[in-house]
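Structure record follows, encoded as structure tokens.
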Amino acid sequence: MEVINANRQEPQLNLDINGQRSFVKYHAKLEEKPTTTVRFFDRTDFYSVHGADDCELIAKLVYKSTAFVHQLLPDEPDKLSYVTLSKANFNMAVRELLLVRNFRVEVYVRPGGASTTSNNWCLEYRGSPGNLIQFEEILFGNKEILVSNNLLSLQVRLVDGNQRRLGVAFVEQNDCQFHVLEFVDNDFFTELEAIVVLLGPKECLLPSLDGEYIAVKNLLERNNVGVTIPKRSAATPAEKNDLLQDLNRLIRFAKGQQEDALTFPEMQLTMAMEALRVAIKYLNLTNDASNLGHYEIKQLNLKRFVHLDSAAVAALNILPKPGTHPNSPGYHWQSILGVLDHCRTPQGHRLLAQWIKQPLRSIEILNDRHDIVQCLLESPGTLSTLHDDYLKRIPDVLMLTKRLLRQKATMQDLFRVYQVVLRTPRIVNTLLSLENATVKNVLCNAMKSFLEDLSGLKQLVEQVVDFEAIEAGDYLVKASFDENLQDMKNDMSRLLSKMERLQQKAADDLNMEKTQVRLDNVAKIGYHLRVTLKDDSALRKNKNYKILDVVKGGVRFTNEKLSEYSEEYSSLCEKYEEQQKSVVEEIIKVANGYAATLCSLNNELAQLDCLVSFAIAALAAPTPYVRPKMHKEGTGVLMLKDLRHPCLELQEHVTFIANSVAFEKDACNMFIITGPNMGGKSTYIRSVGTAVLMAHVGAFVPCSEATITMVDSILGRVGASDNIVKGLSTFMVEMIETSGIVRTATENSLVIIDELGRGTSTYEGCGIAWSIAEHLAKQTKCFTLFATHFHEITNLAETVPTVKNCHMAAVADAENFTLLYQVRPGIMEKSFGIQVARLANFPDVVVQTAQRIYSEFEDEYTEKQSQSDKELLDKIDAALERLTTTGNDVDINEAELSELVATFAKDIKNLDSEYFRALRSVE
Ligand SMILES: Nc1ncnc2c1ncn2[C@@H]1O[C@H](COP(=O)(O)OP(=O)(O)OP(=O)(O)O)[C@@H](O)[C@H]1O
């Protein structure tokens with residue numbers, strides 16, 4: 001959540017009793033709204049919200065207290081609560097609601113503004129996390145755009161009995177891109193989840209909430225994506241035609257390309273196109289002239305990216321909490337993005353956030369990125385020039401281009417674009433001086449060609465902008481550009497000379513040097529003279545001058561002639577600006593033609609910023625990162641020597657103990673890691689996933705040496721996740737996530753499993769964990785790290801030679817217990833649970849009781865295990881039964897629960913697990 005510096009002063013809503021009555025009446029008639037939509041009423045100088053839910057939310061958000069909730073008609077039964085808030089607080093609230101909390105916002109205005117007392121409000125602005133267009137100025141204004149601005153739209157159809165066909169459209173509004181895709185998914189929607197992780201939308205449009213969409217909605221909500229059902233979704237034939245028309249207006253056709261969207265191969269993807277139609281309508285894209293002729297349409301190719309599931313994203317701490325600003329404290333050690341993000345430009349921050357969610361499977365691109373990072377690290381001087389000087393000065397061309405396209409740009413904006421065009425050649429030359437072929441091919445060549453295309457824009461600005469005026473802080477059109485302007489400029493210079501002569505005269509009158517009497521120009525009083533405070537008396541003796549005021553810098557004064565010239569000058573200035581306006585409009589229209597090239601140049605600069613950032617991150621770590629040697633998928637070795645966790649090692653109080661890992665295809669595919677609580681199991685296995693992910697993004701890794709065989713997916717199941725609060729029991733989450741893993745993992749995947757089965761009782765948990773481990777070890781044969789408390793699972797290493805056991809070391813004697821955080825081969829001899837309790841400062845009596853219960857339990861458990869396997873199976877069945885009937889006290893649809901459980905049970909049966917087969921044969 002952003003740091004809120006809210007002004008606690010609340011504006012007054014002064015409505016007389018009739019005004020209150022009529023508003024309450026009006027409000028009662030408003031259409032019902034979901035609780036995730038907040039309605040604001042624009043009262044010209046301030047805003048109000050009404051109704052219990054909105055009031056409580058906004059009062060807490062803005063004022064941190066519900067004491068700011070008041071009532072209209074407090075003594076009457078139909079009283080209505082309200083909260084008022086200033087414009088600044090409104091802006092802050094809208095930012096928080098849309099960007100952090102995934103809420104929707106509606107703003108009602110009255111056409112007559114404050115002057116009217118009527119209640120003819122109309123809904124003027126509407127925003128949702130995926131549709132920020134109308135709030136862009138509030139959200140970003142002149143500030144940096146640090147968030148992506150995108151929307152997902154889906155269509156799902158059941159085909160051939162039990163297959164789900166999905167049509168996906170994704171609209172990226174910052175970069176003007178449409179991505180479409182159609183595919184068949186399984187009943188757990190694992191592909192869809194990968195898409196959601198890859199694209200990271202904040203909002204998704206669904207046609208309904210029935211049938212197949214129930215599961216889709218749950219998946220989206222688990223991944224923090226807000227779901228919206230647009231009002232009219234079903235397409236009539238005429239509307240299908242609309243799509244074609246809309247696309248023809250929105251798409252940027254290449255030179256010589258037939259300007260007809262009907263020829264696009266993407267049009268064959270009928271479901272994706274329907275999803276796109278809904279999204280374009282919802283965003284009202286054709287209404288904004290700046291969109292027309294700027295969109296590109298592409299088919300999304302999922303094979304280009306490493307498949308990440310949401311559990312892996314959460315387990316590896318890939319992203320910071322929503323709304324965290326790169327300048328906020330702790331940003332650099334709270335997530336992998338934070339560790340790597342040392343970008344200097346907003347476009348760099350945005351691109352890095354995208355890269356981190358989209359690890360690549362192309363070894364060529366990754367080698368290029370690693371080459372460039374290495375080259376930068378080998379030239380520290382160049383690296384620091386780029387990072388500390390050049391990149392810092394590059395503004396966000398995206399924001400400027402958007403303003404150009406909306407005809408909202410000013411001369412200053414144009415000048416800033418010009419600065420980018422002017423400064424980039426210096427960057428290119430600096431990069432060329434590195435004499436590195438990859439740097440030249442990947443970065444310099446593209447930038448150079450865009451700069452060539454922009455040379456016309458550069459010339460235009462040089463012809464038009466008055467550079468001298470810029471030094472004085474004014475952004476003006478050069479007078480020589482237009483005859484009328486030139487005439488006015490001449491008049492202005494003449495007036496200025498006259499005023500300078502008056503300045504000399506005043507100096508003579510006051511017996512001073514000309515330098516002691518200043519001629520100044522400020523907005524409110526125009527041109528005037530000024531002497532220092534100590535010359536005040538000399539001035540007061542002279543009756544020819546009128547003192548205007550006394551300020552810190554001295555006494556400001558004028559005379560009749562000077563005020564006359566000053567007024568004349570300022571009216572000329574106004575006329576000049578008026579005349580300039582039309583010239584600026586013309587210039588900006590011409591500049592518009594360069595928008596696409598500017599965006600391309602911006603992307604190149606963003607890319608450079610990200611790679612520089614990787615180099616800085618590699619250097620900034622307590623021990624510098626190294627370049628990973630990348631091997632093609634399936635070739636076999638994953639070796640990370642002296643591996644650290646990049647976030648944990650950055651924390652002040654931590655002395656990180658490095659560990660190593662070495663997988664080798666068909667010799668050592670799986671590690672089962674046991675060890676005491678808090679012994680570092682999770683940290684170890686997460687570090688492996690993190691390093692592999694970092695390498696797949698193009699960054700260096702926190703090891704002393706790394707050889708990484710590329711993977712097609714990183715899948716995880718780590719700890720009990722937050723989903724519990726969203727209405728899924730721990731057991732259910734485990735089932736869903738592990739089923740996903742079993743279905744998605746291939747022999748080229750990396751799977752990280754932690755504490756599987758912990759959310760349920762020991763017997764069931766152990767059964768599930770064993771089955772999954774066995775399946776991954778015997779069937780999938782992917783690289784797997786399996787941290788567990790179930791020591792029984794270590795037996796797997798006896799029957800499957802590619803499975804190895806290791807443990808987190810600890811030393812204990814009667815009194816002391818020390819965690820070493822070192823990974824050692826083999827099984828840990830003794831369970832240290834009780835010692836950990838001692839370490840955590842539990843009172844002795846608790847520890848003693850625990851010790852006693854623990855010993856009893858251990859005896860009983862060993863006995864049970866040998867005597868009744870059948871009992872274990874019964875317990876599992878009973879647990880499933882309990883879940884199907886009671887829903888395990890969770891707020892989840894019973895039918896859906898039964899279906900999930902049934903599928904999971906079926907999956908378990910199909911796992912070809914010896915363990916389960918043995919159990920079933922007893923049955
Ligand atoms: N390699 C390490 N070097 C230094 N400190 C570490 C290391 N690994 C873990 N720690 C510290 O130990 C804490 C616990 O680690 P972690 O959560 O990985 O243990 P665990 O074995 O998974 O625990 P549990 O079994 O209780 O879930 C971490 O928060 C960290 O502070």
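The values are calculated or read from the model by the stated rules, or taken from the named source; none is laboratory data. What you see is a predicted model; the values in this text were computed from it and never measured. So basically every Cβ, Gly included, is an ideal-geometry build from the backbone, and we count neighbours across all protein chains shown.
Among the residues of the range 547-559, is any in a helix (DSSP H, G or I), outside the structural domain of L404 (by TED's automatic domain parsing) and either β-branched (V, I, T) or over 25 Å from K478 (Cβ atoms) (or both)?
No: the range 547-559 contains no residue that is in a helix (DSSP H, G or I), outside the structural domain of L404 (by TED's automatic domain parsing) and either β-branched (V, I, T) or over 25 Å from K478 (Cβ atoms) (or both).
Among the residues that make up the range 40-56, is at least one of them within 30 Å of T401 (Cβ to Cβ), surrounded by 21 or more Cβ atoms within 10 Å (Cβ to Cβ) and modelled with pLDDT of 85 or more? Break it down into steps so the answer makes sense when it comes.
Taking the range 40-56 as the starting set, the residues that turn out to be within 30 Å of T401 (Cβ to Cβ) are 40, 42.
Next, only the ones that are surrounded by 21 or more Cβ atoms within 10 Å (Cβ to Cβ) stay: 40.
Checking which are modelled with pLDDT of 85 or more leaves us with 40.
Within the range 40-56, one or more residues are within 30 Å of T401 (Cβ to Cβ), surrounded by 21 or more Cβ atoms within 10 Å (Cβ to Cβ) and modelled with pLDDT of 85 or more.
Does V306 qualify as being hydrophobic (A, V, I, L, M, F, W, C) and modelled with pLDDT of 90 or more?
It is true that V306 is hydrophobic (A, V, I, L, M, F, W, C) and modelled with pLDDT of 90 or more.
Among G112, G19, which is the only one that is farther than 22 Å from G130 by Cα and surrounded by 13 or more Cβ atoms within 10 Å (Cβ to Cβ)?
G19
I'd like to check something: does the range 83-91 contain any residue that is surrounded by fewer than 16 Cβ atoms within 10 Å (Cβ to Cβ), within 21 Å of R126 (Cα to Cα) and in contact (Cβ under 8 Å) with a residue 60 or more places away in the chain?
So in the range 83-91, the residues surrounded by fewer than 16 Cβ atoms within 10 Å (Cβ to Cβ) come out as 87-88.
From what is left, the residues that are within 21 Å of R126 (Cα to Cα) are 87-88.
In the following step, the residues that additionally are in contact (Cβ under 8 Å) with a residue 60 or more places away in the chain were identified as 88.
Yes - at least one qualifying residue is present in the range 83-91.
Which residue, of D466, D453, is more than 30 Å from V612 (Cβ to Cβ) and surrounded by 12 or more Cβ atoms within 10 Å (Cβ to Cβ)?
Residue meeting the stated conditions: D466.
Quick check, is L605 outside any strand (DSSP E or B), surrounded by 20 or more Cβ atoms within 10 Å (Cβ to Cβ) and in contact (Cβ under 8 Å) with a residue 12 or more places away in the chain?
When the stated conditions are applied, L605 passes them.
Is it the case, given these coordinates, that S600 is in contact with a Cys (Cβ under 6 Å, 6 or more places away or on another chain), outside any strand (DSSP E or B), more than 16 Å from the ligand (Cβ to nearest atom) and not assigned by TED's automatic domain parsing to the domain that holds G716?
no
Within the group P322, P329, which residue is in contact (Cβ under 8 Å) with a residue 60 or more places away in the chain and on the phi < 0 side of the Ramachandran plot?
P322
Within the bounds of the range 259-269, is there any residue that is in contact with a helix residue (DSSP H, G or I) (Cβ under 9 Å, 6 or more places away or on another chain) and among the polar types (S, T, N, Q)?
no
Can you tell me which residue among H370, H387 is modelled with pLDDT of 90 or more and surrounded by 21 or more Cβ atoms within 10 Å (Cβ to Cβ)?
Of H370, H387, the one residue that is modelled with pLDDT of 90 or more and surrounded by 21 or more Cβ atoms within 10 Å (Cβ to Cβ) is H370.
Where residues in the range 436-483 are of a type in the set (D, E, K, R) and under 35 Å from the mean Cα position of the chain (by Cα), which of them is farthest from K581 (Cα to Cα)? Give the steps one after another, and end with the answer.
Pass one, the range 436-483, residues of a type in the set (D, E, K, R): 440, 448, 452-453, 458, 462, 466, 468, 471, 474, 478, 482-483.
Right, trim to under 35 Å from the mean Cα position of the chain (by Cα) and you get 440, 448, 452-453, 458.
Working: K440: 42, K448: 33, E452: 29, D453: 27, K458: 20 Å.
Ranking the qualifying residues of the range 436-483, first place goes to K440.
Exactly one condition in (1) of a type in the set (D, E, K, R); (2) modelled with pLDDT of 85 or more; (3) assigned to a loop (DSSP other than H, G, I, E, B) is not met by E144; state its number.
(2)
Among the residues of the range 189-202, write down those that are within 17 Å of A272 (Cα to Cα) and not hydrophobic (A, V, I, L, M, F, W, C).
Within the range 189-202, E191, E193, P201 qualify.
For the range 340-380, how many residues are over 14 Å from T438 (Cβ atoms) and either in a helix (DSSP H, G or I) or free of Cβ contacts under 8 Å to residues at least 12 places away in the same chain (or both)?
Residues flagged as over 14 Å from T438 (Cβ atoms) and either in a helix (DSSP H, G or I) or free of Cβ contacts under 8 Å to residues at least 12 places away in the same chain (or both) within the range 340-380 amount to 14.
Do the conditions hold for D75, that is, is it over 28 Å from the mean Cα position of the chain (by Cα), touching a residue at least 12 places away in the same chain (Cβ under 8 Å) and surrounded by fewer than 17 Cβ atoms within 10 Å (Cβ to Cβ)?
No: the conditions fail for D75.
Quick one: count up the residues across the range 87-123 that are outside any helix (DSSP H, G or I) and at pLDDT 85 or above.
Narrowing the range 87-123 to residues outside any helix (DSSP H, G or I): 101-112, 116-123.
Checking the rest, the ones that are also at pLDDT 85 or above come to 103-110, 121-123.
Selection size over the range 87-123: 11.
Find the helices (runs of 4 or more DSSP H) located wholly in the range 232-336 whose residues include 2 or more that are closer than 30 Å to S739 by Cα, and list them. Can you show your working first?
Working: elements: 237-250, 270-283, 310-315, 331-334.
The helices (runs of 4 or more DSSP H) meeting that bar are 270-283, 310-315.
Could you name every one of the strands (runs of 3 or more DSSP E) located completely within the range 631-715 that has at least 3 residues being within 16 Å of the ligand (Cβ to nearest atom)?
Numbers: elements: 637-643, 659-664, 670-674, 705-709.
The qualifying strands (runs of 3 or more DSSP E) are 637-643, 659-664, 670-674.
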